[in-house]
Amino acid sequence: MPSKAALIVLVLISVLAEPSWAATSLTVSQAPGGISFSGIGPYLSQFGTMNALGIGTPASGVSVIALSTGALYFTPYKLTGTANGNHILTISALIKTNFTHSAALALQSCPSTSTCNTSGAFSNMSTTTAVTVMPPTANNNQPVTVTAGLGVFIPDNNGASAFAGTDTASITLTLLDENNNKIATAEIDLNSPTGETVQTAVRLTLGTATGGLTISPSTDYAANYGNVNGLGVGPGAGLTVNSAAGGVIYSTPYLLQPAFSDQSSANATIKVALTSNFAHPAVLQPEDAASLTGPFTQITSTAITITTTAASRSSITRYLGLFVSNTNNGAGFFTGSDSATLTFTMTVP
């Protein structure tokens, strides 16, 4: 007998899907004010042109801190780590491929817990021992995004170890899920579009010496001897009067401060020349000496050598004299203000 009932079986199958971010992963992205990245495996970027004096223009997003032994170039960057569940995550960094000229460029890292805007916040990276980029952090069932710092230190390098040119390096970042030991990695290659460029650099500055006239920096440096006379009466502060044939020499100490990097020589030559004379050269003459009391040599349009052994980052005390004639009478009579310009030149072989 036919059945008058029908049995319908409905099987409900439900799949609980994980969020799209739940798989363990690590990504790198541009931070506000930082360098940009292209690609995702690896992430490509570069710091651009750098030197140990911290002068010039690196790539956009790179800042520089000039130090007494070189310069630190650095940038912020973002890292986003994901994992399935409410887990503890850490991120570390290791040099995958170091610079070929590692004595001239050193990779450095700043952890996410620091503000990463001082040299003390950065530490050297290694090819063998990972440094912490993000310490243990709870993800609270969400992706974790932090900002860390990446740096390249350019040390002073002169003589046999000097290097100027282009080099590349790569870094491996590792995310570790502390709950299940799952890892994810990301790579940054500092090679795009050309790599990191180390350039030679030279700089010569003047400074005020203890007990001397103030050497004022502006477009050009300036030193004001104030009121002077051929008898050496009433010298201003910072001046010493020395007797000289036909007049007196007012002298003051000042500092020459040479700095240079990635030069084949460790010594530089410094010269000085008169490039714009006093309007009354018979009355006023610039002089140079190695000591406060001389002997003094007149500075003329023909450059005179101050030293041939100036070392980088050194401070050389020199004495700048102003000869004032005491025969300033009759037809050569002059009172009033006058000025001259001296040009210092540093050459590194």
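Identify all residues within the range 37-54 that are surrounded by fewer than 16 Cβ atoms within 10 Å (Cβ to Cβ) and in a loop (DSSP other than H, G, I, E, B); write none if there are none.
GLY39, ILE40, GLY41
Given the options THR317, THR341, name the one that is touching a Pro at 6+ places or on another chain (Cβ under 6 Å) and at pLDDT 95 or above.
THR317
Going residue by residue through the range 90-108, is there one that turns out to be under 21 Å from ALA186 (Cβ atoms) and touching a Pro at 6+ places or on another chain (Cβ under 7 Å)?
There is at least one residue in the range 90-108 that is under 21 Å from ALA186 (Cβ atoms) and touching a Pro at 6+ places or on another chain (Cβ under 7 Å).
With respect to the numbered conditions (1) within 30 Å of THR90 (Cα to Cα); (2) small (Gly, Ala, Ser); (3) out of contact with any Asp or Glu (no Cβ under 7 Å at 6 or more places or on another chain), which one is the sole condition not fulfilled by ALA160?
Among (1) within 30 Å of THR90 (Cα to Cα); (2) small (Gly, Ala, Ser); (3) out of contact with any Asp or Glu (no Cβ under 7 Å at 6 or more places or on another chain), the lone unmet condition for ALA160 is (1).
So which of GLY226, GLY234 is out of contact with any Gly (no Cβ under 9 Å at 6 or more places or on another chain) and on the phi > 0 side of the Ramachandran plot?
Of the residues listed, the single one that is out of contact with any Gly (no Cβ under 9 Å at 6 or more places or on another chain) and on the phi > 0 side of the Ramachandran plot is GLY234.
If you check ASN157, ASN191, which single one turns out to be among the polar types (S, T, N, Q), buried (at least 19 other Cβ atoms within 10 Å of the Cβ) and closer than 23 Å to GLY54 by Cβ?
Checking each option against the conditions leaves just ASN157.
From the residues in the range 320-338 that are at pLDDT below 90 and of a type in the set (Gly, Ala, Ser), which one is surrounded by the most Cβ atoms within 10 Å (Cβ to Cβ)?
GLY332
Considering only the range 59-84, state which residues are surrounded by 23 or more Cβ atoms within 10 Å (Cβ to Cβ) and within 14 Å of THR197 (Cβ to Cβ).
Residues satisfying the conditions are ALA71, TYR73.
Is there a residue in the range 22-32 that is in a loop (DSSP other than H, G, I, E, B), in contact with an Asp or Glu (Cβ under 6 Å, 6 or more places away or on another chain) and modelled with pLDDT under 95?
Yes, the range 22-32 contains at least one residue that is in a loop (DSSP other than H, G, I, E, B), in contact with an Asp or Glu (Cβ under 6 Å, 6 or more places away or on another chain) and modelled with pLDDT under 95.
Just to be sure I understand, how many residues within the range 198-245 are of a type in the set (Val, Ile, Thr), surrounded by fewer than 16 Cβ atoms within 10 Å (Cβ to Cβ) and part of a strand (DSSP E or B)?
Qualifying residue count, the range 198-245: 1.
Has the range 75-97 got any residue that is closer than 24 Å to PRO32 by Cα and assigned to a loop (DSSP other than H, G, I, E, B)?
Checked the range 75-97: no residue is closer than 24 Å to PRO32 by Cα and assigned to a loop (DSSP other than H, G, I, E, B).
The values are calculated or read from the model by the stated rules, or taken from the named source; none is laboratory data. Model, not experiment: these values are computed from the prediction. FYI the Cβ positions are ideal-geometry reconstructions off the backbone, even for glycines, and counts take in every protein chain you see.
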